[in-house]
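Novice: Below are the structure tokens for one structure; questions will follow.
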Amino acid sequence: MNHILKSTTALSLATAMLAAPAWADMDAARAFLDNEIGDLSVLSREEQEAEMQFFVDAAEPFQGMDIKVVSETITTHEYESQVLAPAFTAITGIQVTHDLIGEGDVVEKLQTQMQSGENIYDAYVNDSDLIGTHWRYEQVRNLTDWMAGDGADVTLQTLDLDDFIGLSFTTGPDGKLYQMPTQQFANLYWFRYDWFNDEKNKADFQEQFGYELGVPVNWSAYEDIAEFFTGRDLSHMGVDGEVFGNMDYGKKDPSLGWRYTDAWMSMAGMGDVGEPNGLPVDEWGIRVNENSQPVGSCVARGGATNSPAAVYAVTKAIEWLQKYSPPAAAGMTFGEAGPIPAQGNIAQQMFWYTAFTADTVKPGLPVMNEDGTPKWRMAPSPHGVYWKEGQKIGYQDAGSWTLMESTPVDRAQAAWLYAQFVTSKTVDLKKSDVGLTFIRESTINSDHFTERADKLGGLIEFYRSPARVAWSPTGTNVPDYPKLAQLWWQNIGDAMSGAKTPQEALDSLCADQERVLERLERAGVQGDLGPVMNDEVDAEEWFSQAGAPFPKLDNEDEEPITVSYDELIQSWQ
């Protein structure tokens, strides 16, 4: 997802910025609004200028300061780094270096700053998956207290936190806000709308399976559709080459861990009911007590990481990868697999990140119509046989601004101004138009995205729908994301390669997770918020109780259900 922004507006903006005064003033702000924002804002020009005046005034004590911030490399952050950071510098006089590095590298830098106390970056765009880590270790500034205290004079009055759609993801059990989203994207179901609506395909599917081809509601239907399209001759639709009914990836690599911690188990139905995450058992299989302290990961301690639902989830993923995916997929990473559906030979993908939308709507792709509308659509993810109403059903990434306690106050204040600038209502509609990673209700509901919706394959309909609350990031049950996340790709990789059965790999994973939890408990580094491990008991004791972990079902093949995509979208209106 690496791009170089080459828009003429960006170039004209850069020219205007070079001509701007050395220190902050409104001339640079007006040049930015004229050359970059234009009509793409939910605010009136007068309201935009009022926000820009705030940044000019609030930045006065920090003029001439050099600050460094960091994020992973996706389209949205490239826009921030290459367009918004220079604009902010010209408007405020604060020199911002916005580094773009790999997601794993961001976590590594943050870990180093936590452990050393050395101020490496003045702010991080850090996934809200670390909310449980931040809340327990108390090494990031909680923004609730910050905005009322040291950050009060540098907090935008029109920031409008209520307009952000992802604050539940960045709020601790104490009710305090620890991070502020700057981009969000979900993993949804992706499919070839044109193939599904083709009369021959519909008739042949009905004849073979006895029900209508449509968006799969459950995994049984997904599996039938994968079987139907794999190897199918679609020459009557002008499709050349071999066709596959599923796309995924399986290389033993850190990105394989995201494939599973990013809520694959929740889609199967492994955890408990709850929003934004299952309680007391979450989608990592970690159980917490009434004080939000982790008490176990294996079934013997009331966790679900090695439960029958988890084994079912991993087994199905491997089976579909082997039977219905391109042969090369098993050796691919997340980044390598991402562009494949846009090449035109994939019928559907269960686990597709909406962050790929911008790359998948480019003119000239085999999956695009000549009028600029996509041949594909996205829809809610189908759920597995263990899933129950009220459980989460997928993952939503929320890259969020995070201020470390180890950052000097003045530097944190300057970085906080930049974080608000790139998430402000003045800027957000244009930023979202570039990156399609929505954080604000006002942007999602704007007239601009009503007009653009038919070009984005269901993305706007999803984010406007009541369904979106069932997609969420990793929650507060996970006490140390960096330590625990690395265990997943190593153990799941053993199952993918056939070195272990799914049950053996998950037994190993939950045992590894519990060793980390036990170390945290012994070290006492998280105080009263840290793990307090349950004693091990026979698994049947937990299976006989309500909620997760759930006992193995006698039949894991449920009756397949599909729904018409157009009816589904209509039900969201």
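Coordinate-derived values only; no laboratory data. In this text, all values refer to a predicted model and were calculated from it rather than measured experimentally. Note that we place each Cβ from the backbone using ideal geometry, even for glycine, and neighbour counts take in every protein chain shown.
Novice: What does the net charge come to around THR133 if you take all other residues with beta carbon closer than 12 Å to its beta carbon, with K and R at +1 and D and E at -1?
Specialist: Spelling it out: positives minus negatives among the neighbours equals -2.
Novice: Separate question: For a protection proxy built on the mean count of beta-carbon atoms within 10 angstrom, sort 328-341, 408-421 highest first, please.
Specialist: The peptides rank, most packed first, as 408-421, 328-341.
Novice: Among the GluC sites (Glu not before Pro) in segment 164-228, which ones are in a DSSP loop with at most 14 other Cβ atoms within 10 Å of the Cβ? Mind listing them?
Specialist: GLU212
Novice: Expressed as a rounded percentage, what relative contact order does the chain have, with Cα pairs under 8 Å and six or more residues apart?
Specialist: 24 percent
Novice: Taking amide hydrogens as modeled 1.01 Å from N in the peptide plane, which residues meet the under 5 Å criterion relative to VAL140, leaving out close sequence neighbours?
Specialist: Distant-sequence amide H within range of VAL140: GLU405.
Novice: For LYS455, list the lysines whose Cα falls under 27 Å from its own Cα; do not include residues on the same chain fewer than 8 positions away.
Specialist: LYS6, LYS200, LYS202, LYS362, LYS375, LYS425, LYS430, LYS431
Novice: So, one more: Picking from VAL107, TYR124, ILE91, whose Cα lies most toward the positive end of the charge dipole for segment 84-129 (charges on Cβ: Lys, Arg +1; Asp, Glu -1)?
Specialist: It is ILE91, whose Cα lies furthest towards the positive end.
Novice: Given axes a ≥ b ≥ c from the Cα gyration tensor, I'd like to know whether segment 116-180 is rounded (a/c under 1.5), prolate (a/b larger than b/c) or oblate.
Specialist: oblate
Novice: Which stretch or stretches of segment 59-92 have amide N atoms under 17 Å from the point lying 7 Å from ASP153's Cα along the Cα→Cβ direction?
Specialist: 59-65, by backbone N distance to the label point.
Novice: Hey, another quick one. Size of the dipole of segment 459-542 about the Cα centre, Lys and Arg at +1 and Asp and Glu at -1 on the beta carbon, nothing else charged, in debye to 20?
Specialist: The calculated dipole for segment 459-542 is roughly 660 debye.
Novice: Taking every alpha carbon pair in segment 225-355, what does the distance histogram look like in 5 angstrom bins from 0, in percent?
Specialist: Result returned by the calculation: 2, 10, 17, 19, 16, 12, 10, 6, 4, 2, 1, 0, 0.
Novice: Let me ask something else. Take the Cα pairs of segment 507-573, get the Kirkwood Rh, then feed it into Stokes-Einstein at 10 °C and 1.306 mPa s and tell me D in µm²/s.
Specialist: 96 µm²/s
Novice: Which residues does a label at ASP538 reach in segment 300-328, if reach means a backbone N under 15 Å from a point 7 Å past the Cα toward the Cβ?
Specialist: It comes to 300-301, nothing else.
Novice: In segment 329-431, how does Rg compare with the Kirkwood Rh, expressed as the Rg/Rh ratio over alpha carbon atoms?
Specialist: When Rh is taken as the Kirkwood radius, the ratio is 1.09.
Novice: Could I ask something else about it? Which of rounded, prolate or oblate describes segment 25-90 when judged by the alpha-carbon gyration tensor and an a/c cut-off of 1.5?
Specialist: oblate
Novice: Let me ask you something else. Go through 247-255, 554-562 and give me the packing order, highest mean Cβ count within 10 Å leading.
Specialist: Ranked by mean Cβ neighbours within 10 Å, highest first: 247-255, 554-562.
Novice: About the Cα centre of the chain, what is the dipole size in debye to 20, counting +1 per Lys and Arg Cβ and -1 per Asp and Glu Cβ, all else neutral?
Specialist: With Lys and Arg at +1 and Asp and Glu at -1, about 720 debye.
Novice: Considering only DSSP beta bridges with both partners in the chain, what is the antiparallel share in %, to the nearest 5?
Specialist: Around 70 percent antiparallel, to the nearest 5.
Novice: Related question: Quote the charge dipole size of segment 151-246 about the Cα centre in Debye, to the nearest 20; the model charges only the Cβ of Lys and Arg (+1) and of Asp and Glu (-1).
Specialist: Charge dipole, segment 151-246, about its Cα centre: 200 debye, nearest 20.
Novice: What are the semi-axes of the equivalent ellipsoid of segment 453-573, taken as the square roots of 5 times the eigenvalues of the Cα gyration tensor, listed largest first and rounded to whole Å?
Specialist: Square roots of five times the eigenvalues give 36, 22, 17 Å.
Novice: Over 22 Å between Cα atoms: which of LYS68/LYS251; LYS252/LYS316; LYS252/LYS500 fall into that group?
Specialist: Among LYS68/LYS251; LYS252/LYS316; LYS252/LYS500, the Cα-Cα distance tops 22 Å for LYS68/LYS251.
Novice: Would you calculate a helix-derived [θ] at 222 nm for the chain, using -39,500 (n - 2.57) for each DSSP H run of n ≥ 4 and dividing by the full residue count, to the nearest 500?
Specialist: So the helix-based figure for the chain works out to -11500 deg cm²/dmol.
Novice: Among DSSP bridges having both ends in segment 42-177, what percentage is antiparallel? Round to the nearest 5.
Specialist: Taking every DSSP beta bridge within segment 42-177, about 10 percent pair in antiparallel fashion.
Novice: Between SER44 and ALA546, 0.36 nm times their residue separation minus their Cα-Cα distance comes to what?
Specialist: 175.4 nm
Novice: Modelled label-to-label distance, THR373 and ASP359, 7 Å Cα→beta-carbon offset: nm?
Specialist: 2.6 nm
Novice: Each residue of segment 362-375 in turn: what ³J(HN,Hα) in whole Hz from Karplus with 6.51, -1.76, 1.60 and θ = phi - 60°, glycine and Pro shown as x?
Specialist: Computed from phi, the couplings for segment 362-375 are 6, x, x, 5, x, 9, 10, 7, 5, 7, x, 8, x, 7 Hz.
Novice: So which aspartates and glutamates can LYS392 reach, going by Cα to Cα under 14 Å and dropping same-chain residues fewer than 8 places off?
Specialist: Cα-Cα hits under 14 Å: ASP262, ASP272, GLU275, ASP282, GLU283.
Novice: Another one. For GLU389 and GLU441, what is the calculated FRET efficiency with R₀ set at 35 Å and r taken between the beta-carbons, to the nearest 0.05?
Specialist: 0.90
Novice: Can you tell which of SER235, PRO294, SER400 lies farthest toward the positive end of the dipole of the chain, using +1 and -1 charges on the Cβ of basic and acidic side chains (Lys, Arg; Asp, Glu)?
Specialist: Of the candidates, SER235 comes out farthest on the positive side.
Novice: Sort the following peptides by mean Cβ neighbour count (other Cβ atoms within 10 Å, averaged over residues), highest first: 259-270, 345-356.
Specialist: 259-270, 345-356
Novice: Separate question: Kindly identify segment 362-484 as rounded, prolate or oblate by the Cα gyration tensor criterion: order the square roots of the eigenvalues as a ≥ b ≥ c, call it rounded if a/c is under 1.5, otherwise compare a/b with b/c, prolate if a/b is larger, else oblate.
Specialist: Cα axes put segment 362-484 in the oblate bin.
Novice: Suppose R0 equals 56 Å; then what is the FRET efficiency for SER235 and SER168 from their Cβ-Cβ distance, rounded to the nearest 0.05?
Specialist: Efficiency, rounded to the nearest 0.05: 0.70.
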